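Report on the structure given below.
The values are calculated or read from the model by the stated rules, or taken from the named source; none is laboratory data. Quick caveat: nothing in here was measured; it's all calculated off a predicted structure. Neighbour counts run over all protein chains shown; Cβ positions are idealised from the backbone, glycine included.
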């Protein structure tokens, strides 16, 4: 009987821990508006950059064909060293003038802690932007319109 009691207690503690871990993230809806350009669709990677300026996590990949990932050069170096299953966070590439709406899950502890969100873009036979848009991961930037410098016109977030 004591064994069953201990087993139930361990299960309860584990369940509470799992619930607590999942409650420490927030989902953000991201509206991405592309600039008007003529050409192929853009491949875009959204990454979490740590306070040291290093890639920590891939949040989303816009572009389904893996053969083009190498055109997103800096992210691809990170991805090649630490390959991860990104199929659940991969969507369609985005054409000039189009919009894309995606959802990212961000750990609450990373907000206002010197992390950044990096939007890296590449278009076949055109330029590559390592930091098309790089914003501090703060409550202020997550509630503001953030302008890109290359293929991205702007990005807006809203808590989901």
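Within the stretch 118-145, the set of residues being under 15 Å from residue 35 (Cβ atoms), free of Cβ contacts under 8 Å to residues at least 24 places away in the same chain and buried (at least 18 other Cβ atoms within 10 Å of the Cβ) comprises 129, 133.
The residues in the stretch 45-73 that are part of a loop (DSSP other than H, G, I, E, B), at pLDDT below 95 and surrounded by fewer than 20 Cβ atoms within 10 Å (Cβ to Cβ) can be counted, and the count is 2. Residue 155 satisfies every condition listed in (1) surrounded by fewer than 19 Cβ atoms within 10 Å (Cβ to Cβ); (2) within 18 Å of residue 94 (Cα to Cα); (3) touching a residue at least 40 places away in the same chain (Cβ under 8 Å) except (1). Within the stretch 80-97, is there a residue that is part of a strand (DSSP E or B), touching a strand residue (DSSP E or B) at 6+ places or on another chain (Cβ under 7 Å) and touching a residue at least 60 places away in the same chain (Cβ under 8 Å)? So far as the stretch 80-97 goes, yes, one or more of its residues are part of a strand (DSSP E or B), touching a strand residue (DSSP E or B) at 6+ places or on another chain (Cβ under 7 Å) and touching a residue at least 60 places away in the same chain (Cβ under 8 Å).
For the stretch 97-117, check the following and say yes or no: at least one residue is under 22 Å from residue 42 (Cβ atoms), surrounded by 19 or more Cβ atoms within 10 Å (Cβ to Cβ) and over 15 Å from the mean Cα position of the chain (by Cα). No - not one qualifying residue is present in the stretch 97-117. Screening residue 29 against (1) at pLDDT below 50; (2) under 16 Å from residue 100 (Cβ atoms) leaves a single unmet condition, (1).
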